[in-house]
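What follows is a single structure, written as structure tokens, with notes after it.
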Amino acid sequence: MHENCNNETVKTSHPSKKMAIQWRHVKVKILLTGAFGNVGTSTLKELIKRDHQIRCFDIPTRANKQKAKKFRKYQSKMEIIWGDLRKISDVERAVKDVDVIIHLAAIIPPLANNRPEVAEPVNVGGTKNIITTIKKQTKQPKLIFSSSVAIYGDVRAKGFDYIIKTTDQINPSSHDHYARHKIKCESMIQESGINYAIFRFAAIPPLDQGTDPIMFDVPLDTPIEICHTLDTGFAMVNAIENDEVWGKILHIAGGPECRVSYKEYVGTILDMMGIGRLPDQAFGNEPFHCGFMDTTESEEILHYQRHTFSDYLQDIKKYYSVARIFARIFRPAVRRWLLNQSPYYKAYINSIKEYIHNKKKRTLKSKKKITPNSTKTPKLSQ
């Protein structure tokens, strides 16, 4: 057990956490960018539980405004600034008079990789605007920046059980623009002279993840470590209240009980959704990031690893309890639609069709070589 900043006793599901942790009980004004995204919403929920002043910053999309409505009853604890990271004036409004910035806002894959010219001004340019604005403040706020496991690239060649360390070589995949954006941001932050903490996130799947064609780009033998979105938000808020994080680069991931192969990960989730596992041929084998991450230091400091992979699966099962019924009823159609989203499965089917076509051609060609005379019974000599 430990205490949070409201002096409430909080249980942790991890049996190994028996030590009491005393957080600093200080009221802080927080700017949370990307407040209505996956990790943003989890962080916001945790911030609301504690005695902080919260300023949310996000783009005014319909989806974000719908999510914001769910937090209307907490108006006394939070304010919302709708804006655009690319506009320095919007960033200046957001940063004014805050103590800590949790910078989660970013354009993520697949859009970040498909349209890097759209993503980079937000991911890199927006972060640059935040740094510039921080340096203009009389009292400079601290910055917590969310980076990614993507910067390490594909680590499969190092072995399935390889543990990535923060000191490992940065080696993004050739097509991974998102990883390069994060690398540029890390470099800018470290060279800026501001007070920072950089957190490199593992895969953090949302509960409402649905199905996305990017799922087919991950090789099935990829080692994947998730971190429950609630644990990630918990880590972000604990970081505010702990002086040990500043100036550090830390991994945020779920720990040993959140490590599986991608084949097991995607297969189990599809089972939970009622769709069922898809053929191996639906998945690619091009370089892709993810891997098991060393979280020894971050867990010692932040004590955030409360959920396992099994816990996440139970949450998925609960979330899709109704949808799973319909998925099972229409399972053949759903599977056909889903497989049609995979370029790898399409290529596989086309290769089979081509093989059958070529085989038929060879058969017809061989039949044409058989002449009528060759079928006559030969005369016996007398």
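Which residue is surrounded by the fewest Cβ atoms within 10 Å (Cβ to Cβ), if the candidates are limited to the range 108-161 and must be closer than 18 Å to Arg55 by Cα and in contact with a Phe, Trp or Tyr (Cβ under 8 Å, 6 or more places away or on another chain)?
Among those that are closer than 18 Å to Arg55 by Cα and in contact with a Phe, Trp or Tyr (Cβ under 8 Å, 6 or more places away or on another chain), it is Lys142.
Of everything in the range 268-300 that's surrounded by fewer than 17 Cβ atoms within 10 Å (Cβ to Cβ) and in contact with a Leu (Cβ under 8 Å, 6 or more places away or on another chain), which residue is farthest from Lys317 (Cα to Cα)?
Per the criteria, the residue is Glu297.
Has the range 293-311 got at least one residue that is under 25 Å from Thr229 (Cβ atoms), within 23 Å of the chain's Cα centre (by Cα), outside any helix (DSSP H, G or I) and at pLDDT below 95?
Scanning the range 293-311 turns up no residue that is under 25 Å from Thr229 (Cβ atoms), within 23 Å of the chain's Cα centre (by Cα), outside any helix (DSSP H, G or I) and at pLDDT below 95.
Considering only residues of the range 332-362 that are of a type in the set (Ser, Thr, Tyr) and either within 30 Å of the chain's Cα centre (by Cα) or exposed (fewer than 10 other Cβ atoms within 10 Å of the Cβ) (or both), which is farthest from Ile214 (Cα to Cα)?
Per the criteria, the residue is Tyr348.
Quickly run through the range 243-279 and pick out the residues that are more than 18 Å from the chain's Cα centre (by Cα) and closer than 18 Å to Thr211 by Cβ.
Asp271, Met272, Met273, Gly274, Ile275, Gly276, Arg277, Leu278, Pro279
Can you pull out every residue in the range 34-54 that is hydroxyl-bearing (Ser, Thr, Tyr) and over 18 Å from the mean Cα position of the chain (by Cα)?
Selection gives nothing.
Hey, does the range 340-362 have a residue that's closer than 24 Å to Asp280 by Cα, touching a residue at least 12 places away in the same chain (Cβ under 8 Å) and not in a helix (DSSP H, G or I)?
yes
Which one is nearest to Phe145 (Cα to Cα) among residues in the range 232-246 that are in contact with a Lys or Arg (Cβ under 8 Å, 6 or more places away or on another chain) and surrounded by fewer than 24 Cβ atoms within 10 Å (Cβ to Cβ)?
Trp246
Being more than 22 Å from the chain's Cα centre (by Cα) and modelled with pLDDT of 95 or more narrows it down to one of Gly126, Gly83, so name that one.
Gly83
Report whether or not Ala150 is in a helix (DSSP H, G or I), at pLDDT 95 or above, of a type outside the set (D, E, K, R) and under 25 Å from Pro213 (Cβ atoms).
yes
When you check Glu225 against the structure, is it of a type in the set (Asp, Glu) and touching a residue at least 12 places away in the same chain (Cβ under 8 Å), yes or no?
Spelling it out, Glu225 is indeed of a type in the set (Asp, Glu) and touching a residue at least 12 places away in the same chain (Cβ under 8 Å).
If you scan the range 100-119, which residues turn out to be closer than 24 Å to Thr43 by Cβ and not small (Gly, Ala, Ser)?
Val100, Ile101, Ile102, His103, Leu104, Ile107, Ile108, Pro109, Pro110, Leu111
Restricting to the range 181-203, what's the tally of residues that are over 25 Å from Leu230 (Cβ atoms) and surrounded by fewer than 22 Cβ atoms within 10 Å (Cβ to Cβ)?
Qualifying residue count for the region: 11.
Quick one: what pairs do we get from the range 54-71, first residue at negative phi, second part of a helix (DSSP H, G or I) and surrounded by 12 or more Cβ atoms within 10 Å (Cβ to Cβ), C-beta under 6 Å, 6+ apart or different chains?
Matching pairs, first to second residue: Ile54/Leu47; Phe57/Ala94; Asp58/Asn64.
Among all residue pairs at least 6 apart or on different chains, which show Cβ distances below 9 Å where the first residue, located in the range 172-199, is at positive phi and polar (S, T, N, Q) and the second is modelled with pLDDT of 95 or more and part of a loop (DSSP other than H, G, I, E, B)?
Qualifying pairs under 9 Å: none.
So which residues in the range 153-203 are farther than 26 Å from Phe309 by Cβ and either modelled with pLDDT under 95 or among the charged types (D, E, K, R) (or both)?
Ser174, His175, Arg180, Lys184, Glu186, Glu191
Among the residues of the range 217-229, write down those that are assigned to a helix (DSSP H, G or I) and either hydroxyl-bearing (Ser, Thr, Tyr) or surrounded by fewer than 20 Cβ atoms within 10 Å (Cβ to Cβ) (or both).
Hit for the range 217-229 is Thr229, nothing else.
The values are calculated or read from the model by the stated rules, or taken from the named source; none is laboratory data. Everything quoted here is computed from the prediction, not taken from an experiment. Methodologically, a virtual Cβ is constructed for each residue, glycine included, from the backbone with ideal geometry; neighbour enumeration extends over all protein chains shown.
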